[in-house]
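Notes for the one structure printed next.
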Amino acid sequence: MADDTQTDADAEAEIEVRPYDPKTDPEALWDLKRAFELGLGSGTGGDDKQSKYEGKLTDEYAERYLDWVFWCTKHDPRCLTVAESGGTHVADEDTDADGADSDPNLAGYVFVLPQQLAMIWDAAVLNELFVRPEFRGTGVADDLMDAAVELADDQDLPLDRLVLDVDRENDRAKVFYDRHGFDHWGEMVARKLE
């Protein structure tokens with residue numbers, strides 16, 4: 001069990017950044033994905049957005065997501081990289097504030113779409129990056145971003161770019177992406193489908 005006196009440097013030293021393992025990581029990945037989605041719904045929009053994000057997190061959605069992850073990692077095992085914590089962390093009861101289980105061994109993940117999907121935006125696509133709150137500020141997100149950039153550099157792309165969608169209300173993410181050299185490049189708009 002982690003000591004309350006653990007420093008950020010100690011937490012970072014216990015992290016291993018490695019490819020996702022479809023045999024051992026799905027449950028912990030789903031915990032992270034669920035927390036990622038709940039954070040998007042609650043931190044960057046009103047109650048309507050939050051309830052929509054919470055409502056989609058069904059068992060069927062989890063199965064579809066993990067099937068899609070399996071498909072992507074079959075095409076490129078490096079497209080999903082996880083940060084594994086060597087220690088355990090403590091949170092209130094069974095879940096932390098973002099809804100993630102308190103005992104999994106994954107501190108975060110980054111998901112870059114496989115090269116086969118590069119034609120979607122004519123670039124490498126950083127689909128998701130999430131780090132548990134207790135591991136933020138330890139360098140884990142930087143290590144995951146480094147893995148994403150390395151993979152994107154290895155892809156054969158129409159445009160030599162790594163793109164992502166970030167909510168303009170997510171100030172923390174904007175600062176992070178600015179620090180990693182991302183620039184504003186277009187605007188995404190959405191239309192509700194009936």
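Results for (1) of a type in the set (Asp, Glu); (2) buried (at least 16 other Cβ atoms within 10 Å of the Cβ), shown as yes or no for each residue.
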| site | (1), (2) |
| --- | --- |
| Gly137 | no, no |
| Val140 | no, yes |
| Gln155 | no, yes |
| Leu162 | no, yes |
| Asp165 | yes, no |
| Arg172 | no, no |
| Phe176 | no, yes |
| Gly181 | no, no |
| Gly186 | no, no |
For the range 146-178, give me the residue count where each residue is modelled with pLDDT under 90, farther than 15 Å from Glu128 by Cα and in a loop (DSSP other than H, G, I, E, B). 2
Identify all residues within the range 18-37 that are assigned to a helix (DSSP H, G or I) and under 14 Å from the mean Cα position of the chain (by Cα); write none if there are none. Pro26, Ala28, Leu29, Trp30, Asp31, Leu32, Lys33, Arg34, Ala35, Phe36, Glu37
Output yes when any residue across the range 179-189 is outside any strand (DSSP E or B), under 21 Å from Arg34 (Cα atoms) and out of contact with any Pro (no Cβ under 6 Å at 6 or more places or on another chain), and no when none is. no
Give the range 26-61 a look and list any residue that's farther than 16 Å from Val112 by Cβ, at pLDDT 95 or above and touching a Pro at 6+ places or on another chain (Cβ under 9 Å), or say none. Glu27, Ala28, Asp31
Condition first: crowded, with 20+ Cβ neighbours inside 10 Å and of a type outside the set (Ser, Thr, Tyr). Now tell me which residues in the range 107-117 satisfy that. Ala107, Gly108, Val110, Phe111, Val112, Leu113, Pro114
When restricted to Ala124, Ala147, the only residue over 15 Å from Phe36 (Cβ atoms) and either touching a residue at least 40 places away in the same chain (Cβ under 8 Å) or polar (S, T, N, Q) (or both) is Ala147
Candidate set from the range 88-106 (those that are surrounded by fewer than 16 Cβ atoms within 10 Å (Cβ to Cβ) and not hydrophobic (A, V, I, L, M, F, W, C)); member that is modelled with the lowest pLDDT: Asp92
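The values are calculated or read from the model by the stated rules, or taken from the named source; none is laboratory data. Predicted model only: the values in this text are computed from it and were never measured. Cβ atoms come from the backbone with ideal geometry, glycine included; neighbour counts cover every protein chain shown.
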